[in-house]
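Down below is the structure, laid out as structure tokens.
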Amino acid sequence: MDAELVLLAEALGRGIAEGSPDLNELLSDTAHRSVVPSLGSQLNQVLTRFQGKSDAWPLAAQDMFEVLRLVRRRDAVVYEELRVIAEAFAEDQRARTAPVPQRAPDTVTNVNTVSGGTFNGPVVQAGSIPGGVHTYYGQTPHSGLSRVADWPQLDRANAIALGVRRPRRIADERPLPRYVVRDCDPTLDAQVRAAAREGGLVLVTGEPLSGKTRTLWAALFTNLSGTTRILHPAPGTDLRGLTAALRAGGDAECVLWLDDLDGHLGEHGLTAALLAELARLRVPVLATMSDEAYDAHRFGSPAHARLLSGVDPVELGAEWSPAEVERLAAATPGDLRLAGAYAHRARHSTPAYLAVGPELLGEWRRARRANAHPLGHRVVLAAIDLARCGVEEAVPADVLRRADDLYRGAAPVPSSEEFDEALEWASRIRHGTTGMLVPGAEAGSWRAYGSLVEDARDGVPGFGQVPLKLWPLAVEAVRCDDDRAPLDAVLARARAVLGPKADESEAAGSLGKLLFHGEDMVAAIRYLEKAAEIGDVEAQRLLGIALKRRSEHWLRTAAENGDGDASVALGDLHRGEGDLHAALPWYRAADEQGLRTRVAARIGWVFHVWEDHGEAEKWYRIGVAAGDLEVANDLGLKLESRGAMEEAALLYQRSAEGGSSTGAHNFGIVLENRGEPKEARAWFARAHDLGDYAGAFLLGRSLMREKRYDEAEEWFRKAQDMGHHAAGRELTDLRAARGDDRSAGTPDNVKA
């Protein structure tokens with residue numbers, strides 16, 4: 001059990017049981033300033049149960065032990081205040097209960113004289129001792145300290161045992177990462193060397209988790225001999241026998257190490273008198289203290305003020321200077337822990353990052369149990385995995401809630417209240433520094449604490465692969481019209497993670513879709529094609545769109561560089577999409593690039609659709625003059641629409657004679673309308689031969705009108721084989737017509 005907490009709890013428990021109103025008021029006031037919501041009610045329960053019940057102080061102390069343990073874990077500032085209150089009350093209590101010195105009776109005078117020999121201890125003082133000579137040696141009253149020979153040597157000492165916080169450790173990493181020199185080190189080194197020569201107290205102060213103990217340990221290890229013996233007493237240890245132990249230890253070089261000095265103060269701990277004795281023995285005292293504790297003791301209790309007034313503390317800031325950051329960067333190669341601290345330096349204090357990270361990781365892991373905080377565990381995991389996807393900034397809580405679906409398994413869907421409770425648990429401040437989730441700049445947004453993200457990235461056990469379905473959510477979370485950089489970061493991360501798995505169809509499809517929606521068509525095509533080949537329909541659709549966009553990109557590039565064929569193709573692409581306004585400029589560009597014959601009909605058709613008949617006819621005639629047989633047919637249609645049938649017929653004939661299936665089709669219709677069916681059928685047959693499926697259909701209808709049913713049926717079937725939509729209906733009509741003709745020519749007594 002923690003000795004410091006026991007002592008503090010006993011002091012507070014006795015005070016509550018004695019009914020001290022001042023103590024009760026102090027406790028209540030302190031609780032109201034705490035970040036722990038339940039602290040006030042817990043203290044009130046203790047006060048209600050035990051206040052004024054002097055014989056119940058052990059039970060009160062037991063309850064206070066639990067309260068102090070909770071506060072030390074979750075609110076370092078209030079814990080320090082409670083510690084000061086407890087120690088002050090303990091000092092007052094000792095002063096009240098100290099025995100009153102008794103004067104000897106006036107009738108007895110005792111005088112002791114020691115001569116010849118050595119005085120080895122206290123002697124018994126009495127008026128007379130009959131029965132000869134008796135020698136009495138007093139027993140040393142404070143024998144709790146071990147012999148100096150049993151103290152560990154510096155070169156074998158364990159920094160973690162001396163109070164340096166244990167960092168995360170993977171496989172064969174060293175117990176501690178490389179030490180990064182702090183700006184205060186030259187001053188601290190000089191003080192340690194001076195204390196080693198002359199004795200004295202060297203004190204490092206700073207905010208919680210600012211690196212005080214590690215910095216002081218580096219100064220100790222750097223400036224003192226490896227054979228130096230280290231005494232590291234537990235808080236509350238009685239130090240009154242220390243000087244005797246040191247004298248008995250002979251000439252051994254020693255140092256007194258007092259991490260969290262405020263736990264070693266008091267009349268039985270380090271006092272000004274003991275410090276003076278240690279200075280005479282040239283034993284340095286190396287200590288750390290939080291800023292709050294230092295201020296409380298330096299400017300509080302007179303006894304503590306006397307001890308600290310002659311000390312020039314080395315102050316250590318939580319924020320690192322540019323020079324310190326540069327040294328951190330130089331130390332990162334080969335050490336994932338320092339590399340992570342450097343990566344997150346803008347958001348997290350480096351010492352806090354290294355020290356708090358393992359605590360957060362351990363608590364998060366255990367929270368997954370059904371009787372712990374499984375929903376909070378999942379919410380934190382979602383935030384960690386979003387960061388692994390490349391999402392650097394905080395995301396709205398709703399994103400975390402949606403992501404929870406990917407981790408729930410068979411767990412029921414949480415209610416809003418349950419989710420809010422999980423979010424509160426995940427963001428609760430731990431160690432007076434941070435929660436597992438850290439609030440972002442936008443209200444209601446959260447991100448995972450940096451060390452948890454690095455734990456996952458560095459392969460610490462307990463993290464699986466990022467769910468494939470989380471990647472689209474990550475893309476959605478960072479998509480922004482004004483800043484593409486966050487999206488690019490997620491896509492780059494997706495390529496790095498999913499790219500090596502591209503042979504797996506699901507991974508290829510996921511990556512391709514991410515890149516497509518991120519407008520990175522070049523990269524998307526490769527992965528979409530893999531997924532499309534094995535039947536992923538969405539990938540097939542997106543691949544087609546991506547290829548079209550890439551096609552348009554390169555056609556535009558070539559057209560802008562003067563390629564006429566590219567201009568024609570780009571115009572056709574826009575025309576196929578129905579965007580004639582986008583198509584016309586590229587057709588005009590092709591005309592200017594010497595491809596008038598190819599684009600005249602296209603330009604004329606655009607104006608025809610726009611019902612600008614003058615421009616349409618102009619461009620059709622340009623095409624005809626350039627020898628475009630297809631445009632001759634188009635011009636014929638334009639002329640026919642305004643009644644110029646003779647010129648139109650000539651253009652159809654010219655087009656047909658030049659090998660146009662459409663021209664042959666139209667010229668056959670003109671001939672049939674003129675009453676020249678035989679000549680018309682010749683051009684319908686020509687149109688069919690040139691690939692016009694309507695030519696066979698029109699030829700069949702012409703034959704059917706002349707009741708040449710067998711020949712008509714043959715041509716209708718040819719039209720049907722080529723896919724003409726009305727050929728089947730004509731075959732039905734043909735059979736009916738053939739039956740009617742047979743009935744009309746058959747005697748009544750003959751069965752048709």
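The values are calculated or read from the model by the stated rules, or taken from the named source; none is laboratory data. Quick caveat, the model's predicted, so the values are computed rather than measured. Because the Cβ atoms are built from the backbone with ideal geometry, glycine has one as well, and the counts that use them run over all protein chains shown. For accessibility, only protein heavy atoms count, side chains too; no ligands or nucleic acids. Shrake-Rupley method; radii C 1.70, N 1.55, O 1.52, S 1.80 Å.
Checking the stated criteria, GLY300 turns out not to satisfy the condition of being closer than 21 Å to THR434 by Cα, more than 23 Å from the chain's Cα centre (by Cα) and surrounded by fewer than 18 Cβ atoms within 10 Å (Cβ to Cβ). Among the residues of segment 303-312, those that are closer than 13 Å to VAL285 by Cβ and open to solvent by less than 60 Å² (accessible area, probe 1.4 Å) comprise LEU307, LEU308, VAL311. Pairing residues of segment 421-447 that are within 17 Å of ASP385 (Cβ to Cβ) with residues that are hydroxyl-bearing (Ser, Thr, Tyr) and surrounded by 15 or more Cβ atoms within 10 Å (Cβ to Cβ), at Cβ distances under 7 Å and at least 6 apart in sequence or on separate chains, gives MET436/TYR449; LEU437/SER427; VAL438/TYR449; TRP446/SER427. Sub-8 Å Cβ pairs linking a first residue in segment 59-76 that is farther than 17 Å from VAL356 by Cβ to a second residue that is in a helix (DSSP H, G or I) and of a type in the set (Lys, Arg), at least 6 apart or interchain, are LEU59/ARG49; ALA60/ARG14; ALA60/ARG49; ALA61/ARG14; ASP63/ARG49, ordered by first then second residue.
Exactly one residue out of GLU91, GLU87, GLU81 is in contact with a Gly (Cβ under 8 Å, 6 or more places away or on another chain), surrounded by 20 or more Cβ atoms within 10 Å (Cβ to Cβ) and at pLDDT below 80, and it is GLU87. For first residues located in segment 189-215 and in a helix (DSSP H, G or I), partners that are acidic (Asp, Glu) and lie 6+ apart or on another chain with Cβ distances below 8 Å form the pairs GLN191/ASP312; ALA196/GLU253; THR213/ASP259; THR215/ASP185. Within segment 391-413, residues that are modelled with pLDDT of 90 or more sit with their Cβ atoms under 6 Å from residues that are β-branched (Val, Ile, Thr) and open to solvent by less than 70 Å² (accessible area, probe 1.4 Å), at 6+ positions apart or across chains, in these pairs: VAL391/VAL478; LEU400/VAL379. Can we say ALA279 is open to solvent by 30 Å² or more (accessible area, probe 1.4 Å) and either on the phi > 0 side of the Ramachandran plot or in contact (Cβ under 8 Å) with a residue 24 or more places away in the chain (or both)? Judged against the criteria, ALA279 is a match.
Across segment 332-343, not a single residue is classified as at pLDDT 90 or above and hydrophobic (A, V, I, L, M, F, W, C).
Would a scan of segment 373-380 turn up a residue that is buried (at least 16 other Cβ atoms within 10 Å of the Cβ) and under 12 Å from ASP455 (Cα atoms)? Within segment 373-380, not a single residue is buried (at least 16 other Cβ atoms within 10 Å of the Cβ) and under 12 Å from ASP455 (Cα atoms). Residues of segment 319-362 being open to solvent by less than 20 Å² (accessible area, probe 1.4 Å) and aliphatic (A, V, I, L, M), which ones? Of everything in segment 319-362, those that are open to solvent by less than 20 Å² (accessible area, probe 1.4 Å) and aliphatic (A, V, I, L, M) turn out to be LEU328, ALA331, LEU338, ALA341, ALA352, ALA355, VAL356, LEU360, LEU361. Comparison of GLU418, GLU424, GLU442 shows that the only residue that is closer than 23 Å to HIS344 by Cα, open to solvent by 40 Å² or more (accessible area, probe 1.4 Å) and at pLDDT 90 or above is GLU442.
Taking segment 144-166 as the range and being in contact (Cβ under 8 Å) with a residue 24 or more places away in the chain, in a loop (DSSP other than H, G, I, E, B) and closer than 24 Å to LEU203 by Cβ as the test, the residues that pass are LEU145, TRP151, PRO152, ALA157, ALA159, ALA161, LEU162, GLY163, VAL164, ARG165, ARG166.
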